[in-house]
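Derivation of every value follows stated rules applied to the coordinates shown; laboratory data play no part. Note that the coordinates shown come from a computational prediction; the quantities given were computed from them, not determined experimentally. Here the Cβ positions follow ideal geometry from the backbone for every residue, glycine too, while neighbour counts run over all protein chains shown.
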Amino acid sequence: MKTTSKLVLMLTIGLILLLSGCQLFNLGRDKTDPLVKITKPTNYFSWATTSSSLDLGGLASDDSDIKSVKVSINGGADVTASGTSNWSISDIPINMGDNLVVCKATDKKGNTASDTLWVTRNIDLDFFGPPSFNNTCFLTNRTNNVLVHQSIRPTSTQTISTAKLVRLNANMEVVEELGSIFDDGNLYGHGDEILGDGVFSGKIDISSTEPGLYLYRIEAYSSDGKVNYSPLIKVQFFEPLTNDEIDAIMAFDAQMEAVLQNSTASNNAQAKTVLKNWLRTQDIVASVEDDGSGLTITYTNGITYLISFCEVDENDKFITKGGGNSHPERKPPMIPLNKQTRGENNLAGPQPSYRGDSSDHPDNLILDKDVLIWAPYEGVFNLSMIPDAKAVFEDSDLGFNVVTMTNQACTIASLSDLNEYGTIIFDTHGKGGEHIYTGELVTAENLETYDAMLQANQLSMSGIMAYRNDGTYIYKSKMYTVRSAYISNLSGTLPNSVVFNGSCESSKTLNLSLAFLSKGAKAYFGFSEIVYTRFCSDMCKQLFKGMVTELKTNGKSFKDGQKDPEGDAVYMMDCFSDNLHYSFDLINGDFEMGNLTGWTRSGDGRVITGLGYYGAPQGNYMGIISTGLGFTTDSGSIAQSFYVPKNVSNLQVKWNFMSEEFLEFVGSIYQDYLSISIRDSTGTVNTIFYNNVDSFYENYDLSHISPDIVFDQGGVYGTGWHTFTANIEQYQGQVIRLIIRIGDVGDSIYDSACLLDEIKIY
């Protein structure tokens, strides 16, 4: 199998280097050079802390052995770390302000490699991650309005007086102040959905007259005037395409199709040669690569365009998920809304041994039961993976939530929330282990929109061609592909996800595998070469039937060495653990993962650090569901399925209900409610907790909590924190689904919300 400890380590090193912008295609040129990466306190290139010392850790690898790993700060003396391939060092003193950490690994032949980390020591404000931008690729000489978020929290009784976005030069000096960010709940003005939650937001214009890479950070002041700095964020600027360039790119499809239709080529291989020879005569083309799976065209502006040659059946349905015929060795690649308090945080066998086993390592658990099946070519493949895959998950008693996207719904933007899925299945075309084909057509209008991302090699364009037996060609118009860099730059982290990439050459290189593993996936499945639809569908069904129905791990569900009987594709797995499995435990009941990992959300539900003066009763985070605060209009619920062990008797939920319907609508038809229900293994739903406006008023002491907390009408009253406990002995030995829901009765004008925390069984 390809899941040995050496491969796992190499994958780890490679994927982290991908995150830090290294050219992975260069890694294999000098096999004697070691690799090293800092992974603690962060995989990111920048970190901020209020601590006076730093704990570091990381990984190193070499063809032979690592002799030593040493760390220096600000050019000081080297300190030798404990361990080599998995190294660590504790309590390193750091100066106030910016510190440059350099980690150097040396192998036994004297070859070295290094990695760096910028660490900023602050005075009295903690930053949770770097600034969040809704985009990091822009065009020069244009005003780009960016939605910026930054989570900040004082470490003492200080408050935060101001926070603003600044640009730095190469010497880490502020050269421009761009605008302020606010924690004021002003959705329309500042994009801030929460009043007083510690997440500061702003809509800020950034621009540059020169292309290049620029550094930005948040500069924040505590109430006593002390300045603190966030981690850094990198932003790229590119020269925009000219109208002539856009027109030429858009006209190229028809020209290529005409060349093929007028040729004497009688198969895909001949067609590829004809097209390649013609392309090399075109002024707009800088280079043409024949990589065996088709052609990669690089325009003179640096944008890439892929041509794949596929096979079709008698009905013009594609039977392969890409094209080509070469077999290169696989190797690593280089009140009004603006015053509402909303609340958000951006921050094998039927009884397997791991059921209810809390000692199981969390890295072995798939932490979310939401499933995405993404199929942009549902209408043109001769076989769809959707029916069999969907049935496997929906027939399970684990309570999976299956989301399917097909055809032109499979846009670039539809991949922006992959961090919400524990299982991701791609049923699409692919190329080179680097490209995932979308269903979004290239137009002159969106070409301008995606210009910067195309130049940053996060996206490419693609066309698909196929030879018919009658001597004509099918040509599918230009579509966008997302590349490994796009995946690596997605926000958030995947919840120990399983990714099945059902496309041609999805594992031909490690590019996509490393990108997904870098984002938090724990296993990636793909194919080494051109794959036929039948074999791809069979492997998908085999994997998830093993993991979902037979309750096996990914290692036991994957069979090494399986080869497509119609072609040359080998089914492959890259993973950090071959003991990965779907969780039967109640996980993230305290929301300390900082998100809704483990929970299925409907409507308005999220994780926050604070709501007005309410903080989490324990830890840093709490959940919130509402009848629709801020931009959200749908009432919220969260749900999770889990196994109830035979030694567990109780379920606990800590809750805090608040509403604008108090006190004015007590005794009226307007009765917002909170319910807690359990769906048992037979599908029967039992409500174990239910209170509405009237019963809350009768049974709990309400407090007026406005103006600190306001929704869209004002006058909010709340119950404060309470703990609900239910006996669940009757569900022992079953997989049950816990559903916590808030809802409107009468109308949706006056809003209600409920804070949640410390949900557990014991």
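Think of each Lys and Arg Cβ as +1 and each Asp and Glu Cβ as -1; about the Cα centre, that makes the dipole of region 31-119 roughly 120 debye.
Distance distribution note for region 600-761: the fraction of Cα pairs above 21 angstrom is 45%.
By the rule of a C-alpha distance below 19 Å, with chain neighbours fewer than 8 residues away ignored, the lysines paired with LYS104 are LYS31, LYS37, LYS40, LYS67, LYS70.
Near the amide H of PHE138, within less than 5 Å, lie the amide hydrogens of GLN236, PHE237, PHE238, all on another chain or at least 5 residues away, with H placed in the peptide plane. Shape annotation for the chain: C-alpha extents along the principal axes are 85, 63, 55 Å, from largest to smallest. Across region 125-238, the mean sequence separation of Cα contacts (distance under 8 Å, 6 or more residues apart), normalised by length, yields a relative contact order of 34 percent. Under a cut-off of 29 Å between alpha-carbon atoms, report the lysines in cross-link reach of LYS654, not counting same-chain residues fewer than 8 places apart. Counting by Cα, and skipping residues close in sequence, LYS654 has these lysines nearby: LYS339, LYS369, LYS646, LYS760. Placing unit charges on the Cβ atoms of the charged side chains and taking the dipole of the chain about its Cα centre, the candidate lying farthest along the positive direction among PHE133, SER503, GLY718 is SER503. 3J(HN,Hα) along region 580-588: 5, 8, 6, 7, 9, 8, 6, 10, 6 Hz, from the Karplus curve 6.51 cos²θ - 1.76 cosθ + 1.60 with θ = phi - 60°, whole Hz, x for Gly and Pro.
Rounded to whole numbers, the Karplus 3J(HN,Hα) couplings from phi for region 303-318 are 6, 9, 9, 9, 10, 10, 10, 10, 9, 10, 8, 5, 9, 6, 8, 5 Hz, using 6.51 cos²θ - 1.76 cosθ + 1.60 with θ = phi - 60°, and x at Gly and Pro.
Put simply, when 430-440, 166-176, 200-210 are sorted by average Cβ atoms within 10 angstrom per residue, most first, you get 430-440, 200-210, 166-176. Backbone amide hydrogens, once placed in the peptide plane, bring GLY615 within less than 5 Å of nothing, excluding anything fewer than 5 places away on its chain. How many angstrom lie between the Cα centre of region 447-508 and the Cα centre of region 510-562? Taking the Cα centre of each part, region 447-508 and region 510-562 sit 19 Å apart. Along its first, second and third principal axes, ordered by size, region 31-119 spans 39, 24, 17 Å in Cα coordinates. Here region 384-531 is assigned +1 on the Cβ of each Lys and Arg and -1 on the Cβ of each Asp and Glu. Its dipole about the Cα centre then comes out at about 380 debye. For region 489-494, putting each phi into the Karplus relation 6.51 cos²θ - 1.76 cosθ + 1.60 with θ = phi - 60° gives couplings of 9, 5, 6, x, 10, 5 Hz, in residue order, rounded to whole numbers and with x for Gly and Pro. About its Cα centre, the dipole of the chain is roughly 2240 debye, where the only charges are +1 on Lys and Arg Cβ and -1 on Asp and Glu Cβ.
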